[in-house]
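Undergrad: Structure below; questions to follow.
What follows draws every value from the coordinates through simple rules; no lab data is involved. Being a predicted model, the structure only gives us computed values, none of them experimental. All Cβ positions, even for glycine, are placed from backbone atoms using ideal geometry, and neighbour counts span all protein chains on display.
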Amino acid sequence: MKSARSKAIASLSEAKRLRVLDVTGPAGVYAARLLAEQGHEVIRIEHPAGDAVRRLGPFLGPSPNLEDGAYHQFFNAGKRSVALDLTSDEGLAIFARLAQSADVIVASGLQHADLARLRARDQHLVTVRLVNDDIPELIAYARSGLLSITGHPGKTPVLMGGHIIYAATGLWVMVATSAALLVQKATGRGQSVTVDIQQCFETFLDMAVENYTGRNRPTERRGYRGAVTAVSGAFPSSDGFWMLSLGDGNDRWPVLMDWMQDPVLAGDPALAEYDERQRQRDRILDRISAWAKALPKIDLVTEAQRRHIPAAPVATTSELADDPQLIERGFLVNVDHPRYGRMRFPRGALATLWDHSIGFAPTLGEGNAEILS
Amino acid sequence: MSEPGPLAGLRVLDFSHVFAGPFCTRSLADMGADVVHVESASRQAGDRYRAAYQHRNKRSIGINLKTGAGQQVAARLAAVADIIVENFSSSVMRRLNLDYASLAPANRRLIYISLSGYGHTGPRSEWLSMNMNLQAYTGLMLMTGFEGDPPTAISNSWNDYIGGLHGIIAIMQALADRVDSGAGRYIDLSQFECSVATVGALLLASAVSGKTPPRLGNRSSDDAPQGVYPCAGDDQWVALTVQTDGQWRALAELLGRSGFLADERLSTAAARMQHHEELDAAIAAWTREQTPAAAASRLQSAGIPAERMRRVADVVDAPDSGAVYRPFTTAGGRSALAATLPFTFGESALSEVETPHEMGADTRDVLRDWLEMNGDEIGALESDRVLV
């Protein structure tokens, strides 16, 4: 099956390798990582005191510092670092000189006029400007409506964990950047793009908005039991939870019954119809919970998949760090990390796709001497 | 679109269905590509509503892919396409003679992307996948929520967005490479890997420590207090976050708890983090007496970042939100809203949203535009029921 994989290009040739200036905060930092995964030279411009990404916990060392943040180590992987204070005139002047060597600038906190001046000097330059990315994450999440659809019914609504929403906004920034780079490549002309981070949040509510405005269907927090169809949800296993998703058709129900061998459910022929399963939802879900809770989740999921019933483990990140699919496809690679020793490192989705290697996150300002000279 | 988008002139043949694929192709359409969605009668079952979030700004061609002649029409379209997007399980396109190996010899510029659940290689490649399963398997459900909570989900097709966005980016990279090489390529994208990448920081933390980082609920890792607090009314909430000591002083004054300011235990964010539950109780006691709008307004006036929990209806109605949405007319003639692109090129406006086309509405136009078929040829295909 290996041959079916997209053919790897080991590294980009010098001609295709772009120089990227990454001046993003948490809402855009994934975009610049993806540019590094594509093989480009990404120079992160950081405040000498350390920026917000470096300050996000958890920390991989014994105590918080500017080098060991998990977000820094993942999202700045493969980049260089230049420490520069862009609030000072001197810093801005150095930045403008550096910009002369760049193909693309992805920037938060820089003024439209400043970027326009750089483009006027260099007709080839692509600038991607982030706006509305200074609204605190939880506040933007509440404003966008996403908070109202995350969590359990009636309970405190909750922000998605792991700052995942910022990876998602970073993806939109990268879509905009990629489109601009494509036009630059085709025409030789620079581009100016503006990405509104609050609007990025809002895009992920679009199904709910259309269902509400187009069909009067509300979307609320649904929890984890029977959330999608009558017989679906996260159920306890002996070692955590597993997720089962039986569709709203009738063909998988007899398969589940054959597997469970539950005399109570199997003895109720009316349950062969979806509407009846919907009516008796809680009873069915309770029986599944009681049946499955003595079994390990991977056994449950493997058997469900063998029977063509969609199922998956509810995984922790520790379990993902040993996941056979991620290892087999090369998403997780063994590395000798300069700070953490021998470990499995998440290469990233695009680096895996193109089979590119990716470097480690830079120490703050490691590139100052070399890049600025 | 008010002016040609960055992908104008590109032809996309779209074999995708729910939802990562359709989201990917609709975004390509929003950027100006000519997206032709291939539909067949057998996939039309169920809900008749043509959702703009899946079908807008695309053309629809109806082809019976179960017939050899139908497969040939699709292959001819593929020969003049720039991009094919599909998200069937691994064997389907091969069975239809529409896999990359079958199509590439006639079109070396073709970029062909499979957006499957787990990718087409590896021990999980045959696993059936659905959005909720990916929310579970990629760690999202056990990192969202509070410690001790059951798995916690978001009520949208989250992983389809994440997979679709990575797909768009991969396609554009392949297009850029094609400018240099003249050749397209096959892209075996795994939605699972895309979503795991978005939790890469915590995965990395686990790989180093062997442990799973704690769930933070609504708390920040460094600012305090931060949370979502109950207000008067049923299921009404307000979110606030204190990021500076100045905001902390303003909050204490607003709560009528100036004693907090003299309390050594609460003088820094790190110290407040240690006593977060005590602060949560004090804040909730204050918010509980007010509507969320009143609480948010008073907090904002005091300079504290705050927002009520907006529901979908609130987002639609609020004058300062929903900027990304554009009105469109549903096939049923109703006015609805759909999200457009959250970015602008130069001075050009956001893309507009067309009424989703009915299945097969553009069959004749597409066959004329892409294949220069004449009316007789099209008529023959129609009478042979190759077109549907």
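Undergrad: For the charge dipole of segment B:66-159, defined by +1 on Lys and Arg C-beta atoms and -1 on Asp and Glu C-beta atoms about the Cα centroid, which residue among B:Ser155, B:Tyr112, B:Gly122 has the Cα displaced farthest towards the positive pole?
TA: Positive-most Cα among the choices belongs to B:Tyr112.
Undergrad: List the GluC sites (Glu not before Pro) in segment B:353-384 that DSSP assigns to loop (not H, G, I, E or B) and whose Cβ has at most 13 other Cβ atoms within 10 Å. Which are they? Intermediate results must be reported in sequence, preceding the final value.
TA: On the way: sites: B:Glu354, B:Glu358, B:Glu372, B:Glu377, B:Glu382; in loops: B:Glu354, B:Glu358, B:Glu372.
Answer by residue number: B:Glu372.
Undergrad: Please build a GNM for chain B, connecting alpha carbons under 10 Å apart, and tell me which residue among B:Leu28, B:Leu96, B:Leu110 fluctuates the most.
TA: Result for chain B, Cα springs under 10 Å: B:Leu96 fluctuates most.
Undergrad: Right, something else. Work out the length of the dipole vector of chain A about its Cα centre, built from +1 on the beta-carbon of each Lys and Arg and -1 on the beta-carbon of each Asp and Glu, and round it to the nearest 20 debye.
TA: Details: 41 positive and 43 negative charges, 110 e Å.
It comes to approximately 520 debye.
Undergrad: I've got another one for you. Quantify how strongly other chains surround peptide A:130-142 by giving the mean number of their Cβ atoms within 10 Å of each of its Cβ atoms. Walk me through the numbers on the way to the answer.
TA: Values: counts 1, 1, 2, 0, 1, 3, 11, 4, 13, 10, 3, 6, 14.
Per residue, the number of nearby Cβ atoms from other chains is 5 on average.
Undergrad: Can you give the helix-only mean residue ellipticity at 222 nm for the protein assembly as shown, where every DSSP H stretch with n ≥ 4 adds -39500 (n - 2.57) and the sum goes over all residues, rounded to the nearest 500 deg cm²/dmol?
TA: Details: 36 runs with 303 residues, N = 761.
The helix contribution divided over the protein assembly as shown gives -11000 deg cm²/dmol.
Undergrad: Moving on to the next point. For segment A:232-314, list log₁₀ I(q)/I(0) at each q in 0.15, 0.22 Å⁻¹, using the Debye formula over Cα point scatterers of equal strength and ignoring solvent, two decimals each.
TA: Listed by q, the Debye log ratios stand at -0.48, -1.08.
Undergrad: Oh, and also: Report relative contact order for chain B in percent, whole number only (criteria: Cα-Cα under 8 Å, sequence separation at least 6). Spell out each step's value before the answer.
TA: Working: 660 pairs, mean separation 76.8, N = 388.
The normalised contact order for chain B reaches 20 percent.
Undergrad: Which residue, A:Gly267, B:Ser181, A:Val29, has the largest displacement toward the positive end of the dipole of the protein assembly as shown when charges sit on each Cβ (Lys, Arg +1; Asp, Glu -1)?
TA: Farthest along the dipole direction, towards plus: B:Ser181.
Undergrad: Moving to a separate point now. Dipole size in debye (nearest 20) for chain B around its Cα centre, Lys and Arg Cβ +1, Asp and Glu Cβ -1?
TA: On the way: 34 positive and 45 negative charges, 129 e Å.
Using Cβ point charges on Lys, Arg, Asp and Glu, chain B gives about 620 debye.
Undergrad: Using the 10 angstrom Cβ neighbour count as an exposure proxy, how do A:His308, B:His120 rank, fewest first?
TA: By the 10 Å Cβ count, ascending, the order reads A:His308, B:His120.
Undergrad: Using the Cα centre of segment A:232-314 as the reference point, and only Cβ charges (+1 on K/R, -1 on D/E), how large is the resulting charge dipole? Debye, rounded to the nearest 20.
TA: Numbers: 10 positive and 13 negative charges, 40 e Å.
With Lys and Arg at +1 and Asp and Glu at -1, about 180 debye.
Undergrad: Now a separate question. Which number gives the lysine pairs in chain A that have C-alpha atoms under 28 Å apart and are eight or more places apart or on different chains?
TA: Here the count comes out as 9.
Undergrad: Let me ask something else about it. Under a point spin-label approximation (7 Å from Cα along Cα-to-Cβ), what is the B:Glu253-B:Glu289 distance to one decimal in nm?
TA: Here the modelled spin labels are 1.9 nm apart.
Undergrad: Using only the Cα atoms, what convex hull volume per residue in Å³ does segment B:162-311 have?
TA: On the way: hull volume 28.2 nm³, N = 150.
Hull volume normalised by residue count: 188 Å³.
Undergrad: In nm, give the distance between the simple-model label positions of B:His17 and A:Thr187, each being 7 Å from the Cα along the Cα-to-Cβ direction.
TA: 3.9
Undergrad: Quick one: grab Rg to one decimal and Dmax as a whole number for segment B:198-272, Cα atoms only, in Å.
TA: Answer for segment B:198-272, Rg first and Dmax second: 16.2, 45 Å.
Undergrad: In addition: So, how do all the Cα-to-Cα distances of chain B break down into 10 Å bins, in percent, from 0 on up?
TA: 4, 18, 24, 22, 15, 10, 5, 1, 0
Undergrad: Counting pairs of Cα atoms in chain A, how many percent are more than 31 Å apart? Present the calculation step by step, with values, prior to reporting the outcome.
TA: Numbers: 33907 of 69378 pairs.
Result for the distance tail: 49 percent.
Undergrad: Could you give P(r) for segment B:226-311, binned at 10 Å from zero, as whole percent values over all Cα-Cα pairs?
TA: All Cα pairs, binned at 10 Å, distribute as 19, 55, 24, 3 percent.
Undergrad: In cubic angstrom, how much convex hull volume per residue do the alpha carbon atoms of the protein assembly as shown span? Write out the running numbers ahead of the final one.
TA: Working: hull volume 125.6 nm³, N = 761.
Enclosed volume per residue, from the Cα hull, is 165 Å³.
Undergrad: While we're looking at this one, here's another question. Using 0.36 nm per residue of separation minus the Cα-Cα distance, give me the extension gain between A:Asp355 and A:Gln261 in nm, one decimal. Before the final figure, lay out each step's value.
TA: Working: separation 94, 0.36 × 94 = 33.84 nm, distance 4.56 nm.
Roughly 29.3 nm would be gained on extension.
Undergrad: Right, next: Order by neighbour count: B:Phe192, B:Phe23, fewest other Cβ atoms within 10 Å first, most last.
TA: Details: B:Phe192 30, B:Phe23 26.
Fewest-to-most Cβ neighbours within 10 Å comes out as B:Phe23, B:Phe192.
Undergrad: Is there a simple number for the mean count of other chain Cβ atoms within 10 Å of the Cβ of residues in A:180-187, and what is it?
TA: Working: counts 5, 5, 10, 5, 2, 6, 5, 0.
That average works out to 5.
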